[in-house]
1. For region 420-433, name all the residues that are farther than 19 Å from residue 221 by Cβ and either in a loop (DSSP other than H, G, I, E, B) or modelled with pLDDT of 95 or more (or both).
2. Please count how many residues of region 161-203 are touching a residue at least 24 places away in the same chain (Cβ under 8 Å) and assigned to a helix (DSSP H, G or I).
3. Residues of region 238-257 being under 26 Å from the mean Cα position of the chain (by Cα), part of a loop (DSSP other than H, G, I, E, B) and surrounded by 16 or more Cβ atoms within 10 Å (Cβ to Cβ), which ones?
4. Provide a single number: the residues in region 220-237 that are surrounded by fewer than 17 Cβ atoms within 10 Å (Cβ to Cβ) and out of contact with any strand residue (DSSP E or B) (no Cβ under 8 Å at 6 or more places or on another chain).
5. Out of all the residues in region 327-353, which are surrounded by fewer than 18 Cβ atoms within 10 Å (Cβ to Cβ) and touching a helix residue (DSSP H, G or I) at 6+ places or on another chain (Cβ under 6 Å)?
6. Can you tell me how many residues within region 450-468 are part of a loop (DSSP other than H, G, I, E, B) and at pLDDT 90 or above?
């Protein structure tokens, strides 16, 4: 049998690295297969993808052992240009592959270079923009788009090329929940309709698992599990490597079908087997605290527009209080990042005012704001300035004249908080995007900011790391740091935050307690926000006495155990 992709005893080591990024990979992919590749950050997923399109070893310098073939072409001896006509790849960092000045030109760029007739290019552009929710964005400049919009633009550009093999490296990471579902469905439909091979590197297992044929799990540069979706679910969790979706874990715990992926099906099967009673646990308190009433950030009637673009902010009024943990939600391009950039002086309002810790931002130098307000960009490459992890950690400390006697202790504490202490002497180029995200956060934590603003902290993180980052932010908040998080991860937002705001087309359309938001399906749906199935199940069980604030897997598991025990007369 001929295979679209074949790895034979493949190992790859980046130039200057001390260990292989891939180790003895053997892999065969049949034409038309739809495959999920998952595993913890740094496990070799991106490197494997780079071997498929020839970036390793032709662009990423290093030693490639073994043989990689794509549609019969040996990648080691094929030009990248030739492989680009066969393999369409969306990178983990979409901004790095956007090369033109408008969305229209970006989507046209690939087919034009492949010599596709003009009339067909126009049809491909129209189809690609519609599929990715970018119709009407034709004249927008890609580098002024939000992170999620840049990601969909990169996907649209590959879509229009119609390659033989699609390789998507975390294509959903920057997208709002509804966007993830739509883009994923588009990718799957295109692959099936065109009988093309599709490889998706992704941590968002809840959405992806029900739609793929095969699951490959990687760790430390090796493939450690490879089989059907059912094989992956029956095989169970792998500590620190692979965690099944919460609904699947619950189904396994309570003896149900381990291929259950929806909250409603779980509820129906459990209730059919063991009719669920009502329990009284009204004395269980909501574990979240209450912030003070002292304002630390105040935006009053803030308006802002980028050059030749529609208004990005339309009269925003927002007060953030000392010690608060606030989440900012909203679909891609709703103005979330634009708003928080006003807080640190990277943007100035064209109308209105911004005050931080009593200072008028328009009158306060950015370097003074940076001493008390830490800001993590959505793309860590926008703030990393060094070539080495240790030097990156030292950069801010030196810039702010922190006593050198404190450097090592501050660096150690910050790296341990984000689980990067073992990378202290690593070169930046060897880090994945998720690791760079954690490094950017750690470098800010060395300065002990009073306010921490973090834009999409979970991009590129595996589920365990996502949870650990939110735990770090919760710990900092409990120590008095005011924390503002832009995120699409509504389950963690609900579990950790006290308050949420939603932005839509530059306006705040919701501002209130997270619990009140979760109950408002109309507001969630109108803003492309969908609840994860564990949260949907918790809401489904409210009629049985489960508290409204139940959002974590552990809380839900414990309460379901109480329901089952009462049903069984225990």
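The values are calculated or read from the model by the stated rules, or taken from the named source; none is laboratory data. Bear in mind the structure is a predicted one, so any value in this text is a computation, not a measurement. Here the Cβ positions follow ideal geometry from the backbone for every residue, glycine too, while neighbour counts run over all protein chains shown.
1. 424, 425 - these are the residues of region 420-433 that are farther than 19 Å from residue 221 by Cβ and either in a loop (DSSP other than H, G, I, E, B) or modelled with pLDDT of 95 or more (or both).
2. First pass over region 161-203, keeping only residues touching a residue at least 24 places away in the same chain (Cβ under 8 Å): 161-188, 190-192, 194-203.
When the remaining residues are screened for being assigned to a helix (DSSP H, G or I), the result is 161, 177-188, 190-192, 194.
Matching residues across region 161-203 total 17.
3. Selection gives 241, 243, 244, 245.
4. Step one: filter region 220-237 for residues surrounded by fewer than 17 Cβ atoms within 10 Å (Cβ to Cβ), giving 220, 222, 224, 227-228, 230-231, 234-237.
Pick out the ones that are also out of contact with any strand residue (DSSP E or B) (no Cβ under 8 Å at 6 or more places or on another chain) and you get 230, 234, 236-237.
So the count comes out to 4.
5. If the condition is that a residue be surrounded by fewer than 18 Cβ atoms within 10 Å (Cβ to Cβ) and touching a helix residue (DSSP H, G or I) at 6+ places or on another chain (Cβ under 6 Å), then 348 is the only one that fits.
6. First, the residues of region 450-468 that are part of a loop (DSSP other than H, G, I, E, B): 450, 456-462.
Within this subset, residues satisfying the condition of being at pLDDT 90 or above are 450.
Here the count works out to 1.
Results for (1) exposed (fewer than 15 other Cβ atoms within 10 Å of the Cβ); (2) assigned to a helix (DSSP H, G or I), shown as yes or no for each residue.
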| site | (1), (2) |
| --- | --- |
| 355 | no, no |
| 367 | yes, yes |
| 384 | no, no |
| 396 | no, yes |
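Residue-wise test of (1) at pLDDT below 90; (2) assigned to a loop (DSSP other than H, G, I, E, B).
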site: 392; (1), (2): no, no
site: 415; (1), (2): no, no
site: 435; (1), (2): yes, no
site: 440; (1), (2): no, no
site: 448; (1), (2): no, yes
